[in-house]
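Values in this text are rule-based calculations from the coordinates and carry no lab data. None of the values given here were measured: they were computed from a predicted structure. Cβ coordinates were reconstructed from backbone atoms using ideal geometry, including for glycine residues, and neighbour counts include every protein chain displayed.
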Amino acid sequence: MRRRKDSHKTRDLALQRMERLFMLAAIVHAAHPERSDRYVQIARKICTRTRVRMPRPLKRLFCRHCGSFLTAAATRVRLREGVLTTTCLLCGEQMRRPYRPPGRAGPKNTRIPGLIDAIG
Ligand SMILES: [Zn+2]
């Protein structure tokens, strides 16, 4: 297996590109939803090629089954007993992740500056 010397550089670059792709996907989604899906595709490819994990806040922005960029209109979110279930209305698949009700321990800072503003 190849080992790269500049793995930190690769990682940083990969993360930057992923964030940028998702930001673009959010901006362009209203006018060209198919472009958003393509950006998701590219971001996922960057993950596999560079073996960099997708940051958690980005992970929940697309459907892991059909790869489409998810907006509030294309998803259904349900909370139940500490589990947050997101249903992709495009392919009908569900994604579940643990959910901690607010008010307990302080939330981790998972904000990506600019991305939240782009989504609105
Ligand atoms: Zn889907």
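Peptides 24-30, 68-74, 92-98 ordered by packing proxy, namely the average of other Cβ atoms within 10 Å per residue, highest first: 24-30, 68-74, 92-98.
Counting Cα-Cα pairs of the stretch 44-99 in 10 Å increments starting at 0 gives whole-percent bin shares of 23, 50, 25, 3.
Here's how it looks for THR75: its modeled amide H is under 5 Å from those of LEU89, which are all 5 or more places away or on a different chain.
Relative to the current alpha-carbon distance between THR75 and ARG11, full extension at 0.36 nm per residue lengthens the span by 20.0 nm. Counting Lys and Arg as +1 and Asp and Glu as -1, what is the net charge of the other residues whose Cβ lies under 12 Å from the Cβ of ARG64? Computed value for this residue: +4.
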